[in-house]
Structure formats: structure tokens, C-alpha cells
1. What part of the accessible area of the stretch 219-303, given as a whole %, is carbon or sulfur when the probe is 1.4 angstrom?
2. Considering only Cα-Cα distances, which of the following residue pairs are longer than 32 Å: K125/K246; K97/K155; K180/K246?
3. Using modelled amide H (1.01 Å from N, peptide plane; none on Pro or chain starts), what sits under 5 Å from the amide H of F360, excluding residues fewer than 5 places away?
4. For N158, what charge total do you get from the other residues with a beta carbon under 15 Å from its beta carbon, if Lys and Arg give +1 and Asp and Glu give -1?
5. Quick one: if the Förster radius is 41 Å, what FRET efficiency do V31 and D319 give, using the C-beta to C-beta distance and rounding to 0.05?
6. Please list the three semi-axes, largest first and in whole Å, of the ellipsoid equivalent to the stretch 200-245, using sqrt of 5 times the eigenvalues of its alpha carbon gyration tensor.
7. Once R0 is set to 45 Å, what does the formula 1/(1 + (r/R0)^6) return for the Cβ-Cβ distance between I86 and V334, expressed as a FRET efficiency to the nearest 0.05?
8. What ³J(HN,Hα) values, in whole Hz, does the Karplus curve 6.51 cos²θ - 1.76 cosθ + 1.60 give for the stretch 162-167 when θ = phi - 60°, with x put for Gly and Pro?
Amino acid sequence: MRERQEQYPQLEVDLGKLQENLAALRERCQVSGIKLSGIVKGFCALPEAAKVYDRAGLDSIGSSRLEQLRTLRQAGIRTPLMMIRIPMLSEVDELVKWADISLQSEISVLRATDEAAARAGVRHKVILMVDLGDLREGFWDREELISAALEVEQKLENLDLLGVGTNLGCYGSVQATPEKMEELIAAAEAVEAAIGRRLEVISGGASSSVHMVLDGTMPSRINHLRVGELLLLGRVWGCDMPELHKDVFTLRAEVIEVKIKPSHPVGELSVDAFGRTRTYVDRGHRRRALLAMGRVDYGECEDLVSREPGLIMLGASSDHTLVDVQNTVRDIQVGDILEFDLCYATMVYLTHSESVHLVFREETTSE
């Protein structure tokens with residue numbers, strides 16, 4: 001019987017390496033008394049990968065999409081689920097159905113969440129977000145924060161105030177620093193003074209905060225982080241854990257054309273398929289290859305990192321990727337498969353694309 005032929009473009013997820021990344025980071029954080037929420041939105045909460053998180057003993061699993069949390073719950077995930085985007089008023093009934101915890105920053109949404117929890121007969125935990133200058137979500141006015149905390153604590157009978165948290169670096173490019181963590185701790189302690197008890201969670205941000213755990217500068221009261229990118233790619237800007245695998249994800253694409261052509265378009269130039277005016281470098285006639293994938297699959301081709309020595313990324317349209325193979329080590333031919341490493345953005349696109357074929361590798365790499 002003929003063996004099943006591989007299909008491309010293909011995204012391979014090495015579940016063994018993902019498991020080892022989770023174990024390594026969790027161990028480092030435990031030493032500092034920090035619990036982890038594993039964020040799965042980067043790979044569209046694929047249940048096959050999320051189940052690795054479920055087995056890892058994380059404090060919670062989080063996503064910014066309720067539909068992803070629903071998928072996880074329906075797939076049998078037992079770890080508490082966290083909604084990490086501020087909820088919409090229109091989705092609070094779904095929120096309390098699929099999420100155990102949510103990040104919140106509006107008193108009107110907190111009140112609606114309380115009412116939804118009452119209707120559903122459940123208790124829902126909330127973390128109040130504090131804006132430390134990145135200017136995305138969170139209470140900016142500290143008095144408003146304290147007022148919201150008091151209302152949750154004393155009046156909203158179906159909500160539990162779990163703690164406070166912050167987000168840095170996602171919009172305003174503000175770095176996560178020990179000084180910013182001290183600001184968060186000060187806000188938390190102001191809340192604690194108002195409600196008369198110690199908060200269970202002070203959540204110091206995302207992957208961009210992990211560097212402080214590694215270099216020993218994380219203030220001791222920070223006891224929770226929400227980590228996605230670092231677990232998946234093994235590094236983020238300003239933080240590289242050598243013990244983490246950098247190749248959990250592998251993108252493979254098939255070559256569909258190889259020809260020698262001019263390196264500069266011939267004719268009067270206008271805009272490309274996406275309405276952009278582009279510039280081209282004339283390097284003479286070069287050997288070029290077309291790959292059967294495009295921007296609708298992965299976003300920007302400049303974000304792909306080729307594993308093929310000598311290959312140069314040229315550009316892409318919706319369904320084609322153009323690469324220069326003039327100086328590659330091997331002689332690239334039609335039908336060859338090229339491999340790429342990803343960044344966070346390309347991973348998000350690829351796992352949402354119905355045209356990309358997913359493959360899961362189960363083996364661990366440890367002896």
C-alpha cells in the first residue's frame with residue numbers, strides 16, 4: 001500500500017520540546033516563588049499542544065479569545081482557564097461559562113460579570129489590571145483602582161478578587177523593569193490596605209518580564225507571570241534562556257518553480273498585490289525559486305528565518321513566496337522542501353490558516 005504523502009505548507013509542532021521548555025521555565029520560576037499561566041493564543045490554542053500545558057502543572061492556561069478557551073474546556077483541559085483580554089460587556093455570560101479567571105479594568109464590566117456569574121451559579125475570579133505607562137489596558141487612576149477593588153471585595157458577591165496585574169511592552173514599548181514591578185507592588189499594597197487582607201496574586205506581566213527572574217532582580221512580592229512567546233520560541237527581545245528549545249515549531253514549504261530571472265521587475269512599476277510601493281535591488285540575473293505559500297498563510301515573509309544556508313528572502317504575494325537560491329549550499333530543485341523558523345507573528349498566522357497542514361511530533365529529546 002502506498003504511504004501517505006506529506007502535505008505542504010506544513011507546520012510541525014514538537015510537543016516533546018514544548019514539554020521540556022515548560023518544565024525548564026517552571027522550575028526556574030518556582031525557585032523565585034512565581035507561578036505561571038501558560039498563554040496559548042500564539043498557537044491558536046491547538047488542543048494537542050495545550051494538553052502539554054495541562055500536564056505541566058501550571059497555575060492556569062490563558063488566551064485572549066473566548067472561543068479558544070471553549071475549545072480547551074471541550075477538549076478536556078482541567079487546568080483553570082484565564083481570559084487575558086479585557087472582556088466585552090456582550091460576552092460576560094460566555095466568559096463565566098468558559099473562563100475561571102479574567103483580567104478586568106472597568107467597573108461596569110465587573111458588575112456585569114458578577115450578574116452573569118449569579119445567573120450561572122458560579123464564582124468567578126478577577127485580577128484588576130494596573131496601567132504602569134504602556135497605555136493599553138488597566139486602571140490609570142489609583143483611586144479608581146481602589147474603589148473597584150472595594151466594590152468587588154464587599155459588594156459583588158459572585159466575584160473573588162484574586163489580585164492585581166499589569167501588562168508592559170505590548171503597545172507602548174515600555175520595558176518591564178524592577179522599578180515598574182515596584183510600582184505594581186505599591187498599587188497592590190494600596191489595595192490590600194483598603195480591603196484589609198493580602199492579595200493572592202500580583203501578576204508582573206508576560207514573557208517580557210521573565211528576564212528579571214533569570215537575573216535575580218524580580219522583586220519578591222511578584223508571584224505570577226503570564227508567559228506565551230518565551231515558552232514557544234525559546235527567546236524574546238532582551239531574554240534568552242539557553243536551556244530552552246528554539247525550534248519547537250518548524251515551517252516547511254515546497255518549491256514549485258526554479259528559474260533564472262532578472263532581479264529587478266521589467267516594465268513600468270506601480271503597486272504590489274497589497275497596494276504597497278516597493279523598491280527592488282538590481283543584482284542582475286539570479287536563480288530564483290517560488291514556494292507554495294504566501295502572506296495569507298504567515299503574514300510578512302521578512303519574519304521567516306530560513307534554515308537553508310545562502311537563501312535570501314525576496315518577497316511574497318498572497319499565495320507565493322519568492323526566494324533567491326543563487327548561492328544556497330544545495331542545488332534547490334522543484335519539489336524540494338525548505339524549512340523555516342518562526343517569530344511570534346508568523347506562528348499566530350500559520351496556526352489560524354486552514355491551508356497549513358499541522359503535524360505533531362510526540363517524542364521528547366531527553367535521554
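1. 50 percent
2. K125/K246, as the Cα separations exceed 32 Å there.
3. Those qualifying (amide H under 5 Å, at least 5 residues apart or on another chain) are V13.
4. Net charge in that neighbourhood comes out at -2.
5. Once the sixth-power term is evaluated, E becomes 0.30.
6. The equivalent ellipsoid of the stretch 200-245 has semi-axes of 19, 12, 8 Å.
7. 0.35
8. Values, residue by residue: 7, x, 10, x, 8, 10 Hz.
The values are calculated or read from the model by the stated rules, or taken from the named source; none is laboratory data. Only a predicted model underlies this, so the values are computations on that prediction, with no experimental measurement involved. Ideal geometry is used to build each Cβ from the backbone, glycine not excepted, and the neighbour counts take in all protein chains shown. Side chains included, ligands, DNA and RNA excluded: accessible areas come from the protein's heavy atoms. Shrake-Rupley method; radii C 1.70, N 1.55, O 1.52, S 1.80 Å.
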